[in-house]
């Protein structure tokens, strides 16, 4: 195989595995802070029992996120030396800011958060939880700044082919950064919400029906129901921003080949890149024009306008539909669950099993969204500045293929182990039963 394609697959495999865990911990830190504040306010042990269970999930996810993140940094030197040679003056400081303002903060206070309850004053433990949550968000901020700059570079100039910063404010707050950051933070919130709801539903179905489980289940379902409409709105705004700055990506997402008005919304098709058309298309007339231009007759750019300079169509096209489809499933199950919880005080077993099935739905949606984003940037690594081919190393294909196989094997084992441990923790429970609280909480599976 082409060594550049193998290197791309290898980096894609690494970042796909890595992103699974920050996607959980970014939001879970804030959920833990909310739970701890509720415990402080109510002195209800059910809240603390929920905290004790979820902090184990946080610790496991954080550990795998750190370990898997280290391997990506190696690849900048082994597979993509041209990246730092060309844009290291900008990428290097941004990555350093992430370490200095986020990783050190997390590492310093994580131990207090995990093991400090009853060992330090309660306010110190609460503050440690806040600082860890803040650190995970700051980490996401700096990584998203760099990633967004690679999509919509600003605030720099090229000197002898090397990028030099001229305006750090413009670099940090580049045109796509606010949309990309908001979209990712909401994705993390949804991933966390469905993980909590799924694990709690599984515990409930197994007979672990303590008040701490009911609290976590209600929290997960409610959080998902609140965040998914916001994510749909932000996703639309992000799509409009992408249309402005990366029209070829949007054309691939929509499977639109010709620049024209009255563009239909393609629900499903098989993109035929060789003949530059869609086979077996199922379409809604004028739908894409209406969404992207807010006008049924709006003109939308087509792929033929970017011949030779647009991303591979099929992976972007399919990944976008997987992301949207998973979002619609999240909307349906979370709103249905919220209806039963808040109007009837009970969840049918069918809904509980649905939540279990959706435990890792956030992972699927996040990965699909990242594939749209990153494959959709091709052939550029930094849009308009550096192509993927220009950044690649001369490492032989056989060497890359060997290490890729090793990575995939290790990641498969770690992923199976991670999921197994999560459900083992859920099965074990381990928290003492909470004392009844003043306000009753009814959550019984409906027949």
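The values are calculated or read from the model by the stated rules, or taken from the named source; none is laboratory data. Quick caveat: nothing in here was measured; it's all calculated off a predicted structure. No Cβ is skipped: glycine too gets one built from the backbone with ideal geometry, and neighbour counts run over all protein chains shown.
Here are the numbers for this structure:
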| quantity | calculated |
| --- | --- |
| Pairs, first crowded, with 24+ Cβ neighbours inside 10 Å in the stretch 173-193, second assigned to a loop (DSSP other than H, G, I, E, B) and at pLDDT below 95, C-beta under 8 Å, six or more apart | 176/152 |
| Test: residue in the stretch 140-159 that is touching a helix residue (DSSP H, G or I) at 6+ places or on another chain (Cβ under 9 Å), within 18 Å of residue 54 (Cβ to Cβ) and buried (at least 19 other Cβ atoms within 10 Å of the Cβ) | no |
| Criterion violated by residue 384 - all others in (1) in a helix (DSSP H, G or I); (2) out of contact with any helix residue (DSSP H, G or I) (no Cβ under 9 Å at 6 or more places or on another chain); (3) more than 21 Å from residue 1 (Cβ to Cβ) satisfied | (1) |
| Qualifying position, being in contact with a helix residue (DSSP H, G or I) (Cβ under 9 Å, 6 or more places away or on another chain), closer than 30 Å to residue 337 by Cβ and at pLDDT 90 or above, among 188, 176 | 188 |
| Condition broken by residue 82, with the remaining ones in (1) within 25 Å of the chain's Cα centre (by Cα); (2) closer than 30 Å to residue 409 by Cα; (3) surrounded by 18 or more Cβ atoms within 10 Å (Cβ to Cβ) satisfied | (1) |
| Tally of residues being touching a strand residue (DSSP E or B) at 6+ places or on another chain (Cβ under 8 Å) and closer than 19 Å to residue 190 by Cβ across the stretch 332-346 | 2 |
| Residue 221 being within 30 Å of residue 352 (Cα to Cα), surrounded by 14 or more Cβ atoms within 10 Å (Cβ to Cβ) and in contact with a helix residue (DSSP H, G or I) (Cβ under 7 Å, 6 or more places away or on another chain) | yes |
| Residue within the stretch 343-364 that is in a helix (DSSP H, G or I), at pLDDT below 90 and buried (at least 18 other Cβ atoms within 10 Å of the Cβ) present | no |
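Condition check ((1) buried (at least 20 other Cβ atoms within 10 Å of the Cβ); (2) free of Cβ contacts under 8 Å to residues at least 24 places away in the same chain; (3) not in a helix (DSSP H, G or I)) across all residues:
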| position | (1), (2), (3) |
| --- | --- |
| 9 | no, no, no |
| 16 | no, no, no |
| 20 | yes, no, no |
| 32 | yes, no, no |
| 36 | yes, no, no |
| 41 | no, yes, no |
| 47 | yes, no, no |
| 59 | no, no, no |
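Rundown of residues vs (1) in contact (Cβ under 8 Å) with a residue 40 or more places away in the chain; (2) surrounded by fewer than 14 Cβ atoms within 10 Å (Cβ to Cβ); (3) within 23 Å of the chain's Cα centre (by Cα), yes/no style:
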{"position": "230", "(1), (2), (3)": "yes, yes, yes"}
{"position": "255", "(1), (2), (3)": "yes, no, no"}
{"position": "263", "(1), (2), (3)": "no, no, no"}
{"position": "274", "(1), (2), (3)": "no, yes, no"}
{"position": "280", "(1), (2), (3)": "no, yes, no"}
{"position": "293", "(1), (2), (3)": "no, no, no"}
{"position": "307", "(1), (2), (3)": "no, yes, no"}
